[in-house]
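Only the coordinates and a few stated rules stand behind these numbers; no lab work does. This structure is a prediction, so every number in the text was calculated from the model and none was measured. Ideal geometry is used to build each Cβ from the backbone, glycine not excepted, and the neighbour counts take in all protein chains shown.
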């Protein structure tokens, strides 16, 4: 994966070493030789990896937290300080994520490249659904797998559910009321598949129970299962609306 890299270094020797390390690893970089140059680069572009020498004019251990730094532009970047070991103490409290001591080591340098690549992958990963909204109605594992395939798939499935579920529910209730068991078996089989595919887990389970009641021509508990289905349907609608809001937010 290509990384956008900013290097702040004013030592000709260290710059040459870093250039060779980057070339060996298949990367190029933008270069700055002082603090104004670093700020200018951060203003003009996005970077995934930022390596700054603590010997660079204007750079100090607390540099990352300076208010004039365009830090918001690069807050998702991997910040790496380079310098003599004695100057790297305490950097973890100054906003730096990594540090490389001089003389620079190629393996440690490549570890920073890998770490920056992993950060990009983590940032691109789809946000998990309903992180703060526990649910008893929906199959979040299934919905997450659908979203991994296509970020828009879950939204489309829910929109189809909003259109198709109301008439199917009314037909199911009508068939149950008239005790038309052949029609009820056909309807529940179709409705169970639709709710299962959209992740309406609880509804699908209840419809499965109604299907078994219809197959066995059992009348006594049918009305109770229909009432449970209507209750689950309303809760499912509420949770789907919340989910749609998260996906479009």
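When restricted to Cα atoms, region 140-248 yields an Rg and a Dmax of 14.5, 44 Å, respectively. Under 20 Å from a label point 7 Å along Cα→Cβ of residue 212: give me every residue in region 187-205 with its amide N that close. Residues 187-197, 200-205 qualify, since their backbone N sits under 20 Å from the label point.
Output the direction-averaged projected area (hull surface divided by four) of the convex hull of the alpha-carbon atoms of region 133-175, in nm².
Numbers: hull surface 15.7 nm².
The orientation-averaged projected area of the Cα hull of region 133-175 comes to 3.9 nm².
Here residue 27 and residue 171 are evaluated by their C-beta separation; at R0 = 51 Å the FRET efficiency comes out at 0.25.
Length gain on complete extension for the stretch residue 221 to residue 234, per 0.36 nm per residue less the alpha carbon to alpha carbon distance? List each step's numbers first, then the result.
Numbers: separation 13, 0.36 × 13 = 4.68 nm, distance 2.07 nm.
Here the segment from residue 221 to residue 234 would lengthen by 2.6 nm.
Can you tell me the length gained on complete extension of the stretch residue 40 to residue 118, counting 0.36 nm per residue apart and subtracting the Cα distance?
25.5 nm
Starting from 0.36 nm per residue, how many nanometres of slack lie between residue 241 and residue 107 once their C-alpha separation is accounted for? Walk me through the intermediate numbers first.
Values: separation 134, 0.36 × 134 = 48.24 nm, distance 4.95 nm.
Result for the pair: 43.3 nm of gain on full extension.
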